[in-house]
Amino acid sequence: MGAATKLAFGVFLISFSSGAILGRSETQECVHYNYNPNPAAIQENRGNRSGIETCAGEKDKRRHCFATWRNVSGTVDIVKQGCWLDDTNCYDRTECVETKESPDVFFCCCEGNMCNQKLFYTPDNTQAVQTTSNPVTPKPPLFTTLMYSLVPIIGITAIILFSFWMYRNHKLAYPPVLVPTQDPGPMPPSPILGQKPLQLIEIKARGRFGCVWKAQLLNDYVAVKIFPIQCICGLVCHPQDKQSWHNEYEIYNLSGMRHENLLHFLGAEKRGTNMDIELWLITAYHEKGSLTDYLKANVLSWNELCHIAQTMSRGLAYLHEDIPGLKDGHKPAIAHRDIKSKNILLKSNLTACIADFGLALRFEAGKSAGDTHGQVGTRRYMAPEVLEGAINFQRDSFLRIDMYALGLVLWELAARCKAADGPVDEYMLPFEEEIGQHPSLEDMQEVVVHKKLRPTLRECWQKHAGLTMLCETIEECWDHEAEARLSAGCVEERVVQMQRLNNVTAPEEIVTVVTMVTNVDYPPKESSL
């Protein structure tokens with residue numbers, strides 16, 4: 001039990017006992033009267049007696065005052081008054097009130113010193129009638145009951161809320177705990193994070209792994225990707241989450257993974273206890289968010305499209321490349337395996353950077369790519385060979401799968417570009433027009449594999465020299481034959497060339513260029529693939 005929980009429980013007990021005491025008044029003394037009409041008793045000084053009686057009894061028993069009287073033709077004749085022992089009917093009654101209708105002998109009891117001095121008769125919930133000579137204004141018993149009941153409840157609720165607030169702040173603000181070296185793998189301390197406090201601010205995205213938070217590290221904003229490992233509060237957790245976190249951490253820590261067009265990695269941490277474990281990945285934070293989110297809210301100019309396409313393909317080309325002889329070692333070729341607009345982040349100047357390496361595979365000479373399943377990734381962006389389950393488990397095959405998905409992302413850019421002489425459609429995901437927002441695997445197989453359909457390339461795009469060249473590039477990226485697809489480096493060169501082509505083309509020359517575009521010398525398809 002945590003310190004905050006113990007504190008809340010202790011205060012709860014105190015509040016509960018205080019509430020009980022609040023509703024209870026100890027009776028020490030009562031008005032005493034004993035009516036004795038026997039003349040002989042009067043002669044022997046044993047007649048009517050009145051005074052104050054000190055109540056006595058067992059310590060664990062409650063003490064009360066009582067009174068009995070008769071109503072004779074409107075005249076109140078008191079029979080007895082005095083102390084009364086532990087009767088549940090008398091609990092928490094501050095006034096002596098008879099509630100039965102027309103009894104032969106009236107009886108009332110109450111708690112509190114001398115509370116039987118004034119007597120009341122309230123039959124059938126009518127207004128209390130004073131039976132003694134001194135008028136008093138009775139307190140409404142309902143109000144008293146509510147007060148005694150609600151005060152402890154309100155107090156307990158406040159304590160629970162305060163305890164939760166303390167726990168929440170404690171959880172978010174405690175110093176980082178570095179991941180143990182044995183589980184889930186060797187992890188040196190992050191030189192960037194050290195023991196600096198990290199404060200979560202708001203959730204920015206949710207995915208198959210968990211969620212991404214915007215957080216503050218000293219004076220800077222960072223992104224925190226959280227993988228919940230235990231099943232807590234009804235959250236459905238999967239063992240793949242831990243593997244995804246571990247794989248992404250290992251990919252980020254490979255030699256040569258610092259690149260302008262790859263998401264900048266800051267550190268990894270393990271938070272919580274054995275009952276509440278979270279694995280964190282801390283990266284740079286980009287306010288504009290993913291390409292998906294940006295395209296939903298914005299249309300692109302031609303130059304913006306080219307800049308995003310060029311930096312995105314440059315990042316993928318670098319990821320795919322095998323680069324020996326770097327300062328920090330040999331960078332292996334890496335296949336992303338989940339390229340989509342949601343995994344392309346935009347910096348403030350619209351420079352693209354690739355994120356989410358939970359499914360990535362690295363290819364090192366003389367080493368196996370490891371245990372892998374071919375049919376992974378986002379269904380909508382799966383290449384035909386992935387949907388068919390007919391992958392050749394070689395490096396080039398996986399890189400070509402990325403290129404198919406890149407072609408779909410380029411189509412998303414073209415669909416939201418205002419450079420063409422025509423309307424700009426609302427943002428749609430690839431194949432959303434053909435099969436809706438939630439396609440099944442069978443839907444994708446039918447459309448992509450059997451019918452060999454692709455998202456529509458609008459006719460108006462052919463009226464723009466640059467978009468015409470982009471459409472041909474897109475078609476060569478999502479070609480049904482994997483070996484015919486362009487490489488990422490070739491796409492980058494194509495984007496640079498089509499941007500230059502459009503910049504030197506005057507508006508009146510567009511028609512001429514469109515007719516001659518087939519004579520442009522494209523960069524060759526051949527690549528490292």
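Tabulated results
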quantity: Ranked packing of 280-293, 320-333, 79-92, most packed first, by mean Cβ within 10 Å; calculated: 280-293, 79-92, 320-333
quantity: Per-bin percent of Cα-Cα distances, region 328-486 [10 Å]; calculated: 10, 36, 36, 15, 3, 0
quantity: PHE164 paired with ASN36, simple spin-label distance in nm, labels 7 Å along Cα-to-beta-carbon; calculated: 6.5
quantity: Per-residue HN-Hα couplings for region 86-96 [Karplus 6.51, -1.76, 1.60; θ = phi - 60°; Hz; x = Gly/Pro]; calculated: 4, 10, 4, 5, 9, 4, 6, 9, 8, 10, 8
quantity: Cα-derived Rg to Rh of region 376-442, Kirkwood definition; calculated: 1.05
quantity: Table column - 3J(HN,Hα) (Hz), region 115-120, Karplus curve with 6.51, -1.76, 1.60, x for Gly and Pro; calculated: 6, 8, 6, 10, 10, 9
quantity: Interchain or long-range residues, amide H under 5 Å from TRP84's placed H; calculated: HIS64, CYS65, PHE66
quantity: Surface accessible to a 1.4 Å probe, LYS100 within the full protein complex, Å²; calculated: 130
quantity: Hydrodynamic radius (Kirkwood) for region 289-386, which is based on Cα pairs only, to one decimal in Å; calculated: 15.1
quantity: Burial order of peptide ranges 353-365, 417-429 (average beta-carbon count within 10 Å, highest first); calculated: 353-365, 417-429
quantity: Ranked by how many other beta carbons lie within 10 Å on average, peptides 395-406, 108-119, 256-267 from highest; calculated: 395-406, 108-119, 256-267
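The values are calculated or read from the model by the stated rules, or taken from the named source; none is laboratory data. Keep in mind the model is a prediction, meaning the values are calculated, not measured. Note that each Cβ is placed from the backbone with ideal geometry, even for glycine, and that neighbours are counted across all protein chains shown. Note: areas computed on protein heavy atoms with side chains; ligands, DNA, RNA excluded. Shrake-Rupley method; radii C 1.70, N 1.55, O 1.52, S 1.80 Å.
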